[in-house]
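The structure appears below as structure tokens.
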Amino acid sequence: MNSRPYSNFQGTYARQNGSQGGFAEGGMKSSVSSFTPAKRKTLNAMAIGINVLAPWLLFCGIFAAMSFHLHYVSQALAWTTVVAGLVLAAIAGFLAHRTKMRDADPSWYTFAALAFLVATVAAAVLGDMNYWYNMQPYYDIENINTYPAVDPAREKGQQLMDAGRAYFVEGTGLDTSKSMAFKNLDKYCVAPIVSGQEPLTSYDFWAVGVNCCSGTAADFRCGEFDNPKARSGLRLMRDDQRPFFRLAVQQAEAAYNIKANHPLFFYWMQDPVAEMMSYRSDGFKYGLLAMLTHFAFNLLCVTGAVYAFSKLSHEF
């Protein structure tokens with residue numbers, strides 16, 4: 001008769017679980033795995049708290065760097081924060097792998113690596129979009145000149161190269177009879193800004209807009225074209241749109257036999273300051289919305305992970 005009835009069970013269990021399961025020789029008490037029903041795996045409250053806050057704080061930091069003033073003064077430094085986030089995700093992944101090799105539970109390290117990666121990529125993409133569409137135009141206009149009492153009949157485009165806001169003299173308006181559009185998927189609409197009824201030697205000041213004209217008739221309907229109090233312009237700062245507006249001006253030159261030696265493009269409006277501040281307020285609004293949305297998303301993911309990990313622990 002075998003004097004060690006549990007020896008095979010003990011050896012098999014120990015090899016499969018890396019523990020001193022079963023009974024030892026001589027009747028010694030056995031160790032109990034943390035995955036057995038007798039001692040269920042406990043969730044790590046500190047790990048849960050870290051995984052709730054750390055990815056969100058990483059997202060907020062990278063988003064702020066990519067959206068706001070740091071990106072304007074140093075794009076390289078802003079993108080360095082993205083690289084730092086990726087490095088942090090890689091470190092968490094390495095710790096998860098090392099923990100698994102030591103036969104410990106790598107669950108929260110794995111979750112942290114994925115959460116850091118998602119936070120970094122999302123913050124980089126959304127922050128960069130917020131910068132280019134809202135904050136970069138605001139910073140550009142804020143850092144260039146404002147010109148009062150601009151007379152399109154006397155001033156030349158070369159004299160206002162650094163204009164961000166232009167306030168035109170009384171009697172200035174849009175000559176919609178000379179408006180034109182260039183179509184490249186969107187319609188890029190232009191109309192000359194003039195003062196008086198006399199033809200100009202060079203039409204250097206143009207009101208612009210996108211998809212606010214038919215393209216087949218002189219029907220410019222961009223900005224505050226129908227506001228009789230509007231006689232100011234906010235400079236177009238979108239480099240990707242400027243070539244298409246120049247092509248529209250060239251078409252107008254050919255169609256109406258006019259000259260535009262150095263055209264400058266403006267959004268026609270009454271109050272450029274209010275419009276400029278709306279860029280900033282939109283940037284901060286979208287920033288706050290992105291941060292709150294990511295916090296809710298990450299909290300939902302952590303909640304799902306807690307539920308999944310607890311279910312897994314009950315199955316062992």
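Bear in mind that the values in this text are calculations on the coordinates, not laboratory data. Here the structure is a predicted model, which is why all the values come from computation and not from measurement. Glycine gets a Cβ as well: all are built from the backbone with ideal geometry, and neighbour counts include every protein chain shown.
As an exercise, identify the trypsin sites (Lys or Arg not before Pro) in the stretch 38-144 lying in DSSP coil whose Cβ has no more than 15 other Cβ atoms within 10 Å.
Values: sites: 39, 40, 41, 98, 100, 102; in loops: 39, 40, 41, 102.
Taking the stretch 38-144 and a limit of 15 other Cβ atoms within 10 Å, the loop trypsin sites (Lys or Arg not before Pro) found are 39, 40, 102.
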### Summary
Unit-weight point scatterers at every alpha-carbon of the stretch 58-121, Debye formula, q = 0.14, 0.21, 0.28 1/Å: log10 I(q)/I(0) is -0.45, -0.74, -1.03
### Task
Enter the Cα centre distance for the pair the stretch 224-269 and the stretch 142-158, rounded to the nearest angstrom.
14
### Task
Please name which of 46, 58, 89 has its Cα lying farthest along the dipole of the stretch 40-147 towards the positive end, using unit charges on Cβ (Lys, Arg +1; Asp, Glu -1) and the Cα centre as origin.
46
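Pairs 100/285; 187/229; 229/259: which exceed 31 Å Cα-Cα?
From the list (100/285; 187/229; 229/259), the Cα-Cα distance tops 31 Å for 100/285.
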#### Entry: Highest to lowest packing among 212-219, 107-114, scored as the average C-beta count within 10 Å
107-114, 212-219
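On full extension of the chain, what length is gained from residue 147 through residue 50, given 0.36 nm per residue of separation minus the C-alpha to C-alpha distance? Mind dumping the intermediate values first?
Working: separation 97, 0.36 × 97 = 34.92 nm, distance 5.25 nm.
Stretched out fully, the residue 147 to residue 50 stretch lengthens by 29.7 nm.
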### Query
For the stretch 61-169, what is the convex hull (Cα atoms) projected area averaged across all directions, in square nanometres?
8.0
### Approximate spin-label separation residue 98-residue 239, in nm, with each point projected 7 Å along Cα-to-Cβ
4.3
